[in-house]
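To start, the structure itself, in structure tokens.
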Amino acid sequence: MHAGDGHVNVSPRDRPLTLEAKPIIVNALSVDVEEYYHALIFREGTNGAAGGGLESRVEASTERILALLASGDAKATFFILGQVAAAHPALVRKIAGEKHEIACHGDRHELVSRQTPQEFRADVRHAKAVLEDITGEPVVGYRAPNFSIGRAQAWAYDILLEEGFRYDSSIYPILHDRYGDRAAPRFPYEVWRKGDQKLVEFPIGTTRLLGVNFPIGGGGYFRLLPLALTRLGIRRVNAHERQPILFYFHPWELDPDQPRPSMPWRHRLRHYVGLQREEAKLSRLLRDFRFSTVRRILGMP
Ligand SMILES: [Zn+2]
């Protein structure tokens, strides 16, 4: 409220301009770099058998993402699978060379919930070392395959800290049949502390309506739902809560020509829905909002 709301007459030129000129919120953008056959729905639908003889397509679809980001003047964090990095080191160098952030998506896309703490440590240690060997830069961000760090996997935070990670992005605070913790905080917070070291969690973007969190942070929902809902949701969070959202997608979501082995219709629907329109939708999103890396949004040097 300013003086103009009372009885004092204020001419327009006396109104404080700062009321109109709130700084634009920059959101965080992320890409989980994996092959189409690493996706859980694809694996389950094909009983895991398809992973062996299928062609690699990650390089071409990630190149398309890099071109898309360059044309939209956006930066992103690439959570790269160790296996993919080892097979495509030039791709990792290219992503880093275009000033995006290199982060870790584990090594073999094994769910954290299916690993022992020892197996998890070996998996993230190996993947982090592969990425750091390629770029020569420290990797500080981690995202679990399929957001598989739930409350029962809180032990993983200790390990991430000990292995040199400073933030995690493995929580989607929604109700979902496979992942999600709808009671989790919706914006970046300190999830774990050990001595003077802390691990920050940056959850995937949601908007809250009538007490329910709605997914506006990408993945299958973005492909399934009209673009307008995501745009409205992001605007709402940026304008009313003055918070950035974190958005994520995969290279295989921009690849409608990927191999389509037979699988049950439910799996087929969830894996392939919306692939044709994904690139156009993303391009529109990049025009409407400003995006940068997770590390930069968290203010980590
Ligand atoms: Zn993944």
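The values are calculated or read from the model by the stated rules, or taken from the named source; none is laboratory data. All values reported here derive from a predicted model rather than from experimental measurement. With ideal geometry, Cβ positions are generated from the backbone for all residues, glycine too; neighbour counts draw on all protein chains shown. We work out accessible area using only protein heavy atoms, side chains counted, and drop any ligands, DNA or RNA first. Shrake-Rupley method; radii C 1.70, N 1.55, O 1.52, S 1.80 Å.
In the stretch 112-166, which residues are in contact (Cβ under 8 Å) with a residue 60 or more places away in the chain and out of contact with any Gly (no Cβ under 6 Å at 6 or more places or on another chain)? Hits for the stretch 112-166 are 140, 141, 142, 143, 146, 165, 166. Which of the numbered conditions does residue 142 fail, given that it passes all the others? Conditions: (1) within 15 Å of the ligand (Cβ to nearest atom); (2) at pLDDT below 95. So the condition that residue 142 fails would be (2). Would you mind stating whether residue 95 is touching a strand residue (DSSP E or B) at 6+ places or on another chain (Cβ under 6 Å) and either aromatic (Phe, Trp, Tyr) or within 12 Å of the ligand (Cβ to nearest atom) (or both)? For residue 95, the condition - touching a strand residue (DSSP E or B) at 6+ places or on another chain (Cβ under 6 Å) and either aromatic (Phe, Trp, Tyr) or within 12 Å of the ligand (Cβ to nearest atom) (or both) - is not met. Residue count for the stretch 239-263 satisfying the condition of being under 17 Å from residue 220 (Cα atoms) and either in a helix (DSSP H, G or I) or at pLDDT below 85 (or both): 4. Report whether or not residue 165 is hydrophobic (A, V, I, L, M, F, W, C), buried (at least 21 other Cβ atoms within 10 Å of the Cβ) and assigned to a loop (DSSP other than H, G, I, E, B). Spelling it out, residue 165 is indeed hydrophobic (A, V, I, L, M, F, W, C), buried (at least 21 other Cβ atoms within 10 Å of the Cβ) and assigned to a loop (DSSP other than H, G, I, E, B). Checked against (1) part of a strand (DSSP E or B); (2) touching a helix residue (DSSP H, G or I) at 6+ places or on another chain (Cβ under 9 Å), residue 200 passes all but condition (2).
Filtering the stretch 100-109 for residues that are more than 14 Å from the ligand (Cβ to nearest atom) and surrounded by fewer than 19 Cβ atoms within 10 Å (Cβ to Cβ) leaves an empty set. Taking every residue in the stretch 65-93 that is within 23 Å of residue 167 (Cα to Cα) and pairing it with any residue that is modelled with pLDDT of 95 or more and of a type in the set (Phe, Trp, Tyr), at least 6 positions away or on another chain, the pairs with Cβ-Cβ distances below 6 Å are 74/291.
Scanning the stretch 180-215 for residues that are of a type in the set (S, T, N, Q) and closer than 20 Å to residue 300 by Cα yields a single hit, 197. Residue check: residue 275 meets all listed conditions (1) open to solvent by less than 10 Å² (accessible area, probe 1.4 Å); (2) over 28 Å from residue 60 (Cβ atoms) but one, namely (2).
As a summary of the residue check, residue 94 satisfies the conditions (1) open to solvent by 20 Å² or more (accessible area, probe 1.4 Å); (2) within 18 Å of the chain's Cα centre (by Cα); (3) of a type outside the set (Phe, Trp, Tyr); (4) at pLDDT 95 or above except for the one numbered (2). Screening the stretch 24-49 for residues that are hydrophobic (A, V, I, L, M, F, W, C) and more than 14 Å from the ligand (Cβ to nearest atom) and picking the one that is farthest from residue 202 (Cα to Cα) gives 49. For the stretch 170-182, does any single residue satisfy the condition of being away from the ligand (no atom under 16 Å from the Cβ) and modelled with pLDDT of 90 or more? Among the residues of the stretch 170-182, not one is away from the ligand (no atom under 16 Å from the Cβ) and modelled with pLDDT of 90 or more, which makes the answer no. Taken residue by residue, the stretch 5-28 has no member that is surrounded by 13 or more Cβ atoms within 10 Å (Cβ to Cβ), farther than 30 Å from residue 238 by Cβ, small (Gly, Ala, Ser) and at pLDDT 80 or above. Within the stretch 266-289, the presence of at least one residue that is part of a loop (DSSP other than H, G, I, E, B) and under 17 Å from the mean Cα position of the chain (by Cα) is confirmed.
Of everything listed in (1) away from the ligand (no atom under 16 Å from the Cβ); (2) open to solvent by less than 60 Å² (accessible area, probe 1.4 Å), the single unmet condition for residue 71 is (2).
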